[in-house]
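Following: one structure in structure tokens, then a few remarks.
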Amino acid sequence: MANVLDLRGLSCPIPLIKTKDALSGAETVQVVVDEPSAKENIIKFAKSQKFRVEYVEADGEYTITIAK
Amino acid sequence: MNWLIIATGLVFGLGAVLLVKFGNPGNYGFCAACQLRDIAGALGIHSVPNLQYARPEIIGFILGSFGLARFSGEFRPRGGSNPALRFVLGMAMMIGALVFLGCPLRGILRVAGGDLNGLTGLAGFIAGIGAGVVFLKRGFNLGRAHTYTGSVQSTGYLAAAAALVLLVAVGMGAGILNVSTKPPGSLHAPIIISLIAGLAAGALAGRTRMCLSGGFRDFMLVGDTGLLKIYGIMFLAALAGNLYFGFFKLGFANQPLSHTMHLWNFLGLFLTGLAATLAGGCPLRQLIMAGEGNTDAMFCVLGMLAGAGVAHNLNAAGSAAGVGINGQIAVVAGIVIVGVLGLVCREKLVPVSKGV
């Protein structure tokens, strides 16, 4: 299984900053967040950078897969 | 542009002007700092007699965001990310805002009423956010929060319960809470109108994640202007409303609940912007998140109430006459303290794990 960036419980905008940093050095990044606002920010940012984005929700947590 | 962004801007902008029309003080339709300060006065946390009224707009913010979060399934009691420091950041946010005489939301509403001192304050706010973003990029964080489970979940309801108690108390009139008989505390729209405006604004702010520090921060970090658009529409709506009702008066001097000490307007909101960026949201956003069950935001709001107490009991708040030496010392001390927190609070995270 691929490494997953665990960004649960972090205040805005730390999940976005960590995701942005990770995307600068990788083709594919998977992150887990538990705030709807963090999920929305990450997806919006990734789409603006022309990444493909998919996410699944389970028990209030969002696993977001971002790929070129 | 998304209709929610437009609706939120209109409700805040036109709502603020209509609240003034119905009785609130000038450029005082909504303010997440001053109106919370009036609640602090109503509760006896400070003793300035003309700043005491449990403003239903704030009660509405909390109950509106709570109601929407419950309805949409986003109500999620959570917390545990360094509440003590969030309390301190809340105090700093309020002390800075009370030197400027308004939260950043009121800063924009003041400009929409022609008060150019709002521009000086907002420039300081943006600079403070810039400083906060530097700390965030260096790795600042207050640690992880976690979602509460089981019976502990009831703590998520505390802010909404407190707002409900306040609403009942203010609805019963004098007798329980302190109530000012002199302005600006005595000036207010009818309770039901203030409450409805606050409920609508709170629900929309919760849905759109409206936050001014977040708006500038996201623009600086990734060029995202989504949150700033809400404030742009709010400004235009309030400007139109102020022109229509004849409230607009352009200039620096003799503006309602305002002073012209530019340096302290700038530094006051600089402190608020810096503290808000480190706390993850502006004063309005903290109220909204508190309603949504975030106990860390509740601590920040408690800090804001305490900050109002400190500012007024120690004569450190601004007034129409300006900012006294105590206020100047409080702002500088606040910037130093929050700056040191920004430097040292870098809890080591282990963000990468396998198969979470």
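The values are calculated or read from the model by the stated rules, or taken from the named source; none is laboratory data. Because the structure is predicted, anything quoted here is derived from the model rather than measured. Glycine also receives a Cβ, built like all others from the backbone with ideal geometry; neighbour counts cover every protein chain displayed. When the accessible area is computed, the model is the full protein with side chains, heavy atoms only, and any ligands, DNA or RNA have been set aside. Shrake-Rupley method; radii C 1.70, N 1.55, O 1.52, S 1.80 Å.
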Interatomic Cα distance distribution for the range B:239-334, bins of 5 angstrom, percent: 3, 11, 17, 18, 16, 16, 13, 6, 1
About its Cα centre, what dipole magnitude does chain B give when the only charges are +1 on Lys and Arg Cβ and -1 on Asp and Glu Cβ, stated in debye to the nearest 20? 500 debye
Kindly give the semi-axes, whole Å and largest first, of the ellipsoid equivalent to chain B, taking each as the square root of 5 times a Cα gyration tensor eigenvalue. 28, 23, 21
Which helices pass in chain B if a helix is a full DSSP H run, must span at least 20 angstrom along its long axis by Cα, and must have mean Kyte-Doolittle hydropathy not below 1.6? B:3-21, B:83-100, B:191-208, B:325-344
Which number comes out as Rg/Rh for the range A:3-67 once both Rg and the Kirkwood Rh are worked out on C-alpha atoms? 0.91
Cβ charges +1 (Lys, Arg) and -1 (Asp, Glu), total dipole of the range B:222-356, debye: 160 debye
Taking chain B as a Gaussian network, where each spring joins two C-alpha atoms under 10 Å apart, which residue of B:Ala238, B:Ala306, B:Ala169 fluctuates the most? B:Ala169
Cβ neighbours within 10 Å from other chains - mean over A:13-19: 6
Average other protein chain Cβ within 10 Å of Cβ, residues B:6-15: 0
Dipole magnitude of the protein assembly as shown about its Cα centre (Cβ charges: Lys, Arg +1; Asp, Glu -1), debye to nearest 20: 440 debye
In chain A, what GluC sites (Glu not before Pro) fall in a loop by DSSP, with at most 11 other Cβ atoms inside 10 Å? A:Glu27
Selected from B:Thr149, B:Thr208, B:Thr181 as most flexible by GNM, with chain B as the system and alpha-carbon contacts under 10 Å: B:Thr149
Rounded to 10°, Cα long-axis angle of helix A:14-23 versus longest principal axis of chain A: 30 degrees
What Rg and what Dmax come out for the protein assembly as shown when only alpha-carbon atoms are used, in angstroms? 20.5, 67
Would you give the gap between the C-alpha center of the range B:224-239 and the C-alpha center of the range B:45-78, rounded to a whole Å? 22 Å
Can you pull the mean other chain C-beta count within 10 Å for peptide B:215-223? 3
What list of ³J(HN,Hα) values in whole Hz, one per residue of the range B:141-147 in order, does the Karplus curve 6.51 cos²θ - 1.76 cosθ + 1.60 (θ = phi - 60°) give from phi, with Gly and Pro shown as x? 7, 9, x, 7, 8, 9, 7
Going down the table (A:Lys68/B:Lys229; A:Lys68/B:Lys348; A:Lys39/A:Lys68; A:Lys20/B:Lys229), which pairs top 20 Å between alpha carbons? A:Lys68/B:Lys229; A:Lys68/B:Lys348; A:Lys20/B:Lys229
Exposure rank, largest accessible area first [A:Lys39, A:Lys18, B:Lys229, A:Lys47; 1.4 Å]: A:Lys47, B:Lys229, A:Lys18, A:Lys39
For the range B:1-97, with +1 on Lys and Arg beta carbons and -1 on Asp and Glu, the positive-most of B:Ile45, B:Gly26, B:Gly90 along the dipole: B:Gly90
